[in-house]
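Engineer: Pasting a structure below so you can have a look.
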Amino acid sequence: GESVGLHLPTLSVQEGDNSIINCAYSNSASDYFIWYKQESGKGPQFIIDIRSNMDKRQGQRVTVLLNKTVKHLSLQIAATQPGDSAVYFCAEVQGAQKLVFGQGTRLTINP
Amino acid sequence: DAGVIQSPRHEVTEMGQEVTLRCKPISGHNSLFWYRQTMMRGLELLIYFNNNVPIDDSGMPEDRFSAKMPNASFSTLKIQPSEPRDSAVYFCASSLTIKNTEAFFGQGTRLTVV
């Protein structure tokens with residue numbers, strides 16, 4: 001079946017440290033992958049995406065890595081800030097535009 | 001642009017009542033999505049539209065759920081009759097084209113069925 005899941009439900013890091021959030025997927029035919037950030041009381045917000053023909057993509061303080069061999073996706077956040085505290089979802093894009101979301105990882109930034 | 005607008009933000013209703021959730025997508029966006037979010041099941045895609053036409057409703061849980069998009073600026077998700085297990089946060093999202101998956105989400109409607 002199709003599934004997208006996360007290894008860790010919660011992650012706590014010190015402010016200023018780097019954080020890595022992991023995600024496993026099962027559908028090797030997916031077109032590409034997206035990371036979303038969801039703050040309390042708000043809808044998910046797009047962070048960064050990566051196509052299936054890439055293995056790395058960088059944004060501002062964020063890097064997404066895709067390992068198709070083991071069907072693994074990760075989001076790296078550099079120099080974390082208090083505003084990075086949120087739930088992070090990976091999503092798998094299948095077919096025309098079907099977004100399948102993982103369960104989410106709660107990231108907490110400790111001062 | 002004000003973004004995707006959902007109403008109401010909160011809805012409390014009794015079991016058996018009809019519930020209608022509303023969504024106004026971002027102007028110019030051609031694709032619209034309805035999601036349901038719960039702690040147990042996470043974010044589930046219920047249905048999505050392209051150019052006001054339903055493309056995939058395989059995520060709609062039961063016949064009690066229905067969605068419409070009468071025009072490019074408005075969509076509804078209706079539950080009739082509602083049940084306590086329908087309690088969740090319902091999100092609407094829109095994107096520019098069917099191939100552009102940067103979907104912008106509304107703030108959601110928190111539904112509680114008692």
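The values are calculated or read from the model by the stated rules, or taken from the named source; none is laboratory data. Note that the structure is predicted; figures quoted are calculated from it, not measured. Note: ideal-geometry Cβ built from the backbone for every residue, glycine included; neighbour counts use all protein chains shown. For the accessible areas, the whole protein counts, side chains as well, though only heavy atoms, and no ligand, DNA or RNA atoms are used. Shrake-Rupley method; radii C 1.70, N 1.55, O 1.52, S 1.80 Å.
Engineer: If only Cα atoms are counted, what is the Rg of the protein assembly as shown, and what is its Dmax, in Å?
Structural biologist: Taking only Cα atoms of the protein assembly as shown, I get Rg and Dmax of 17.5, 50 Å.
Engineer: Based on the alpha-carbon gyration tensor of region A:4-110, what equivalent-ellipsoid semi-axes (square roots of 5 times the eigenvalues) come out, in whole Å, largest first? Write down the numbers at each step before the final one.
Structural biologist: Values: eigenvalues 99, 41, 29 Å².
Listed largest to smallest, the semi-axes of region A:4-110 are 22, 14, 12 Å.
Engineer: Cα atoms only: what Rg and Dmax, in Å, come out for chain B?
Structural biologist: Using the Cα atoms of chain B, the pair Rg, Dmax is 13.2, 39 Å.
Engineer: At a Cα cut-off below 17 Å, give the aspartates and glutamates reachable from residue A:68, other chains included and same-chain residues fewer than 8 away excluded.
Structural biologist: Those aspartates and glutamates meeting the cut-off are A:2, A:31, A:49, A:55, A:92.
Engineer: Mind checking A:34-47 for the average number of partner chain beta-carbons within 10 Å of each residue's beta-carbon? Each step should come with its number before you reach the end.
Structural biologist: Values: counts 3, 0, 3, 0, 5, 0, 0, 5, 5, 16, 9, 2, 7, 0.
That works out to 4 on average.
Engineer: Please find, in a Gaussian network model of chain A (springs between Cα atoms separated by less than 10 Å), the residue of A:97, A:45, A:81 whose mean-square fluctuation is greatest.
Structural biologist: A:97
Engineer: Please tell me the relative contact order of region A:16-72 in percent, rounded to the nearest whole number, where contacts are Cα pairs under 8 Å and at least six residues apart. List each step's numbers first, then the result.
Structural biologist: Details: 65 pairs, mean separation 16.9, N = 57.
Contact order relative to length: 30 percent.
Engineer: Here's a follow-up. 5 Å is the cut-off here: which amide hydrogens, built 1.01 Å from N in the peptide plane, fall below it relative to residue A:103, excluding neighbours closer than 5 in sequence?
Structural biologist: Correct list: A:6.
Engineer: Can you send over the solvent-accessible area of residue B:55, 1.4 Å probe, protein chains only, in Å² to the nearest 10?
Structural biologist: Residue B:55 has an accessible surface of roughly 90 Å² with all protein chains in place.
Engineer: Roughly how many Å² of residue B:47 are accessible to a 1.4 Å probe, to the nearest 10?
Structural biologist: 10 Å²
Engineer: Quick one: compute the contact order of region A:4-110, relative version, from alpha carbon pairs under 8 angstrom and 6+ residues apart, as a percent. Could you put the intermediate results ahead of the total?
Structural biologist: Working: 266 pairs, mean separation 40.9, N = 107.
With pairs under 8 Å counted, the relative contact order is 38 percent.
Engineer: Carbon-plus-sulfur fraction of the accessible area of region A:4-110, 1.4 Å probe, in percent?
Structural biologist: Values: 2240 of 4990 Å².
Roughly 45 percent, rounded to a whole number.
Engineer: Here is a follow-up. Under the definition of Cα pairs under 8 Å and six or more residues apart, what whole-number percent is the relative contact order of chain B? Walk me through the numbers before you get to the answer.
Structural biologist: Working: 290 pairs, mean separation 42.4, N = 114.
Once normalised by length, the contact order is 37 percent.
Engineer: To continue, here is another question. Have a look at region A:88-111 and report residues whose accessible surface goes down by 50 Å² or more when the remaining protein chains are included, against the chain on its own, probe 1.4 Å, ligands and DNA/RNA excluded.
Structural biologist: A:96, A:97, A:98, A:99, A:101
Engineer: Assign unit charges at the C-beta atoms only (+1 for Lys and Arg, -1 for Asp and Glu), then state the dipole size of the protein assembly as shown relative to its Cα centre in Debye, rounded to the nearest 20.
Structural biologist: 280 debye
Engineer: Moving to a separate point now. For region B:69-81, take each phi angle, set θ = phi - 60°, evaluate the Karplus expression 6.51 cos²θ - 1.76 cosθ + 1.60, and give the result in whole Hz per residue in order, putting x for glycine and proline.
Structural biologist: Those phi angles translate into 9, x, 8, 5, 10, 7, 9, 10, 10, 10, 10, 8, x Hz.
Engineer: GluC sites (Glu not before Pro), restricted to region B:17-114: which are DSSP loop and have at most 16 other Cβ atoms within 10 Å? Intermediate values should be presented prior to the final figure.
Structural biologist: Values: sites: B:18, B:44, B:62, B:102; in loops: B:18, B:62, B:102.
Answer by residue number: B:18, B:62, B:102.
Engineer: Further question on the same structure: For residue A:85, what residues show an amide H to amide H distance below 5 Å, using hydrogens built from the backbone and excluding near sequence neighbours?
Structural biologist: The list, which skips near neighbours in sequence, is A:109.
Engineer: If you don't mind, there's one more thing I want to ask. Hey, got the dipole for region A:10-78? About the Cα centre, +1 on K and R Cβ, -1 on D and E Cβ, debye to the nearest 20? Kindly include the intermediate steps, with their values, before the conclusion.
Structural biologist: Working: 8 positive and 6 negative charges, 38 e Å.
Computed charge dipole of region A:10-78: roughly 180 debye.
Engineer: List the residues, sorted by chain then number, that are 5 or more residues from residue B:55 or on another chain and whose placed amide H is less than 5 Å from its amide H.
Structural biologist: Placed amide hydrogens put B:48, B:49, B:50 under 5 Å from residue B:55.
Engineer: Using θ = phi - 60° and the Karplus form 6.51 cos²θ - 1.76 cosθ + 1.60, what ³J(HN,Hα) does each residue of region B:90-96 get, whole Hz, x for Gly and Pro?
Structural biologist: 9, 10, 10, 9, 9, 9, 5
Engineer: Further, regarding this structure: Taking a threshold of 29 Å on the Cα-Cα distance, which of the pairs A:37/B:78; A:98/B:24; A:56/A:98 fall above it? Please list the in-between numbers first.
Structural biologist: Working: A:37/B:78 27 Å; A:98/B:24 20 Å; A:56/A:98 22 Å.
Where the Cα-Cα span goes over 29 Å, no listed pair is concerned, since all stay within it.
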